[in-house]
Each structure stands twice: as C-alpha cells, then as structure tokens.
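> First the structure, then my questions, so here it is.
The values are calculated or read from the model by the stated rules, or taken from the named source; none is laboratory data. Quick caveat: nothing in here was measured; it's all calculated off a predicted structure. Note that we place each Cβ from the backbone using ideal geometry, even for glycine, and neighbour counts take in every protein chain shown.
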Amino acid sequence: MNTTSFFKGPAVKAACIAILAGTATFVLARRGGLLRILRRKSDCKPKDKSCSAKSGIATVSSSPNDAAAVPLRDDLQPTKAADEAADATSSSGGASSPSGELALAAVNDKSSSGPSDASTGGCASSASSGNTAAGSLSGTGLSAFRGDNAACSATTADTIATAFPNNAKEAQEVKAFIKQNGLTLCIPQRELGKGAFGHVEMVIITLPDGTTVKAARKTLHACETKGAVAALRRILNQELAGLAAAAGCEHAVQCLGYRLPTDDDKRAELLLSCAEGGSVENLLNALAKEHFDRIDNAPERRRTGKNKDKYEMLPYPGNTLMDEADLKGMLRAMAPFIKHLNARGYMHFDLKPANLLYDIAPDGSKVFRVCDFNLAVKTDSNGRVARAQGGTRGFWAWETYCQLEGLEVKHPITRAADVASMGLVLADAAGLHCLGGGTQAYLEYLRDLPRRTPPALKELIEWMVAEDPAARPTPDQILAHRWLTE
C-alpha cells in the first residue's frame, strides 16, 4: 500500500473529519463563553437548576440594570451613635442646624477610621471638591429613583472659589453659612427628577453679600405607617455616613447640608453640590440612540469593510462606544474615589453609570463625579462585609452575584467588589451598553467584549472583574496600567 492510497482510506478520512469538527466546536464554545462557564462551575455551584435567589436576601427584577430591592436590615443601619444623635435632633425640632450637626458629627466620628488626610485616600481636598452633581434619589427601602437630568448649570464650589480665590477663611465661612442656612434660604428653580417618595430640584441660595450659588435639594417623604420616620432617619444617616466618608474627595458628590425628619415634619432633606452635565447612563443612552438613528436613517444600508467587526455588526463606528479619552477620564476619577473611600473604611457598593455624573471643564473635557451613597457600608478591619448590600444586578462583583443569586460562594465580599463594579462600568461604556444582554450577560459568561475593543482596555477590564477578589488590581495598580499610561 502506497502513502497516497493510505491517506484516502475511510478510517483516516473519518479521523480528519472528527479533528476538524472538534476544532470547530472548541472555537464556537470559546466564542460563546461555554468554556468560561465550565471553568466557573468549580468555584460556584448553583443550588438548583434555575440559579435564582430563593433565600429572600434580595428581590431582583428581570431587567439587567434594575436595582435590587434589599430589605432594611439591622446590619445595614448606621452606627448607634448616629441614631442617638438623630433621635436627639428629632426631639429638638429637627432643624437643619445647629442641632442637625450633632448627627453628622456622630457619623463623621464613626466613618473616619481611615487616615484623615485626603491625599492618603487618593483625592485632593480643595475648593473644587464640591464640583459635583446631585445624587440620584434611590433610598433603600423607599424607592428606586433616578431623575433623567440629575444636574444643574453651575456648581457651588466653583462659585465660592471664584468669589474668594485668595481667602480660604472667607470661603470656609461661606460653606458654613450654606450648611447652616442653605435649606432655609434656598429657592427652587426647576425639578430635576421625581419618584414615589420624593424629588430632586435645582435651587438657588443667596449669600449675605448678594452672591447666588446653585445646588441640588433632595427631599424624601416618610409614609404614614408606624415607624416610618425612624426608618427614614436611619436611611438618611446611612447616606450621610457615606457622604462623610467621601468628604473632601474631588471625584465625589459633596454634602452641603441636611435636615432629618421629625414626627411633626416627616420630610428628610439633603443639600448637595451639583454639576452642569448629567449621568453617564444618560450619556451612553444618547450615544447609542445617535448611532442607531444614523444606521436606520442611512440612505442605503450596506456592509462595508470599514470598521467591520469579525463576528458582530456594532452600531458605533469607532473602537468603543464612549470616546476613549472620556473612558480614561472616567477611570481616573473612579479609581482615586475608591481609594479615598477605602482609606476611610467604606465601600460604595453601587457603582454604575447612573451613579457616575459629569461636568464640562473649560477645555471641553468631561470631569466625572460619583454620587448616591444609599448603599455605602463600613467594612471590618480586614476590608470585608458579611453580606452584600444589593445594588444593580448588571454591575455586581462576581461574589456579590453568587450571594444574591443563591449560589455557593467561595470568596468573601471585600472592598475589591467596588473594583469589579468599576470594571463593569468601563465595559458598559466601552460597548456593552448597546449590545444584547449588556454587562449582565458579560458577568454570566454569555458574551464577551466586542473584538474591536482595544487590547489593553480589554486586558484591564478582565483583570478588574476577575472572579477571585484577591486577583483584582488595587486602585494604584489600575492607575499605573499601560492603557492609562501609554
């Protein structure tokens, strides 16, 4: 038998076909995420075939980006000292100041376990630290709320810094005046958002010299049921604790004043710094709509070789949905913010595009700020929390996902959960926002980032969302990554 006839034999042909079929199956399985799912099963095994939450820890809606409704629990409450101060404020009439300062002082005492120097936490403490947008109104246990335009046209800190460029003492006096009198003197201008239990509106505050500054007033209303006022007070104190931990960080919303609810007046009010831009969520929605409209309204729809993805037609023409310079600016804001919060012993626990807002700098670039501290929680001495706080399903860290979905969890929930959420925000803005399944499909290994994504960016995102929290980068490692430095 010669060599030629041997290779024509039926057995050899069958073997060749089997090899080709196996190779094709491997490629398709890798592309579809099946291999990653199989690898994952050794770390996290579902208790039932549906892999849905059965324990009552959280109630999650079917929408990938809907917030999980988490019951109010004792371990989620603010410190006892803060509650006692809140009760004292309630009994004294609930004025925004000076009695209201007792509650914030108690919160500050409990939230300052980390270094007090803002530079240690990664955020400069400067006059521009208040140049942020109002947080969304989504009080845990009350409502899931977000205004479509949680921003306003000027910032409190910018006005103060401009009025007193060389006099820090006078600037501090203005801040103290706003803290004590802002909620009393503020005049509503327009509504920014409204929910079932409250609303957010832009307000103007007139200073003693006639100067006016703009801010955002967030109002929550307690319902008429027994214990509602006390529950609202605890919720507000939890948010105040998170805001206190973020105080001085130029990449976070700043609290300018507040008023706790009382039995006579069931309103809870927060006076927050505000910005000219809007949420990253709205920005991504607008970008996606613009690209889809461009495709739908094209005179002749046809495929070309220009910017064509190998496996899927993407609606955006570039390498990423959001401009890559804006992506880098967004990450350069989130990473120092997380470092700042961690240095004070806190986690944000709800990083997502809706809670990341931006302002427009004089040079036209975007300046990003983190808002909404309703789920901010204090960690233990090892940087861990016992139970997940909830948040938004498509932006959970993997260990949070396993716990809230009723899966077996191998890794504890640590401050690295915020790093994973930060990576998912980056993945969403890079392109997943306008693709089927979004970040939830990516989290569940049902899809990958588009092949068009810059390799260095893809490498960084995959590092940040690693299943093992210990394998994720620190904020400093993120800022030193080649995607940001090259």
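> May I ask you to list the residues in region 371-385 that are out of contact with any Phe, Trp or Tyr (no Cβ under 9 Å at 6 or more places or on another chain) and either within 13 Å of Asp418 (Cα to Cα) or modelled with pLDDT of 95 or more (or both)?
Selection gives Gly383, Arg384.
> Looking only at residues in region 367-390 that are surrounded by 24 or more Cβ atoms within 10 Å (Cβ to Cβ) and in contact with a Ser or Thr (Cβ under 6 Å, 6 or more places away or on another chain), which one is nearest to Leu331 (Cα to Cα)?
Arg369
> I'd like the full set of residues that are in a loop (DSSP other than H, G, I, E, B) and either among the basic types (Lys, Arg) or in contact with a Gly (Cβ under 9 Å, 6 or more places away or on another chain) (or both), limited to region 398-419.
Lys410, Arg415 - these are the residues of region 398-419 that are in a loop (DSSP other than H, G, I, E, B) and either among the basic types (Lys, Arg) or in contact with a Gly (Cβ under 9 Å, 6 or more places away or on another chain) (or both).
> State which residue pairs qualify: first residue in a strand (DSSP E or B) and inside region 258-284, second residue at pLDDT 85 or above and of a type in the set (Phe, Trp, Tyr) in any location, beta carbons under 7 Å apart, and separation of 6 or more residues or different chains.
Glu269/Tyr258; Leu270/Tyr258; Leu271/Tyr258
> Go through region 439-459 residue by residue and tally those that are surrounded by fewer than 20 Cβ atoms within 10 Å (Cβ to Cβ) and in a helix (DSSP H, G or I).
5
> Oh, and also: Would you point out the residue of region 297-339, among those that are of a type in the set (Asp, Glu) and assigned to a loop (DSSP other than H, G, I, E, B), that is modelled with the lowest pLDDT?
Asp309
> A follow-up question, please. Where residues in region 353-366 are outside any helix (DSSP H, G or I) and surrounded by 24 or more Cβ atoms within 10 Å (Cβ to Cβ), which of them is nearest to the chain's Cα centre (by Cα)?
The qualifying residue nearest to the chain's Cα centre (by Cα) is Leu356.
> Let me ask another. Output the residues belonging to region 178-207 that are of a type in the set (A, V, I, L, M) and at pLDDT 90 or above.
Ile178, Leu183, Leu185, Ile187, Val203, Ile204, Ile205, Leu207
> Which one of these does Ala241 not meet: (1) under 25 Å from the mean Cα position of the chain (by Cα); (2) closer than 29 Å to Tyr346 by Cβ; (3) surrounded by fewer than 22 Cβ atoms within 10 Å (Cβ to Cβ)?
Unmet for Ala241, out of (1) under 25 Å from the mean Cα position of the chain (by Cα); (2) closer than 29 Å to Tyr346 by Cβ; (3) surrounded by fewer than 22 Cβ atoms within 10 Å (Cβ to Cβ): (3).
> Does region 462-482 include one or more residues that are out of contact with any Lys or Arg (no Cβ under 9 Å at 6 or more places or on another chain) and under 18 Å from Pro353 (Cα atoms)?
No; the residues of region 462-482 include none that is out of contact with any Lys or Arg (no Cβ under 9 Å at 6 or more places or on another chain) and under 18 Å from Pro353 (Cα atoms).
> Do you know which residues across region 263-273 are in contact with a Gly (Cβ under 9 Å, 6 or more places away or on another chain) and either under 22 Å from Lys194 (Cα atoms) or at pLDDT 95 or above (or both)?
The answer is Asp265, Arg267, Ala268, Glu269, Leu270, Leu271, Leu272, Ser273.
> Go through (1) surrounded by fewer than 20 Cβ atoms within 10 Å (Cβ to Cβ); (2) on the phi > 0 side of the Ramachandran plot; (3) not polar (S, T, N, Q) and name the single condition Phe349 misses.
(1)
> Name the single residue that is nearest to the chain's Cα centre (by Cα) among those in region 204-214 being surrounded by 15 or more Cβ atoms within 10 Å (Cβ to Cβ) and in contact (Cβ under 8 Å) with a residue 24 or more places away in the chain.
Lys214
> When you go through His221, His199 one by one, which is the residue that is touching a residue at least 60 places away in the same chain (Cβ under 8 Å), surrounded by fewer than 20 Cβ atoms within 10 Å (Cβ to Cβ) and closer than 22 Å to Lys266 by Cβ?
His199
> Looking only at region 334-346, which residues are buried (at least 23 other Cβ atoms within 10 Å of the Cβ) and touching a strand residue (DSSP E or B) at 6+ places or on another chain (Cβ under 6 Å)?
The answer is Phe337, Tyr346.
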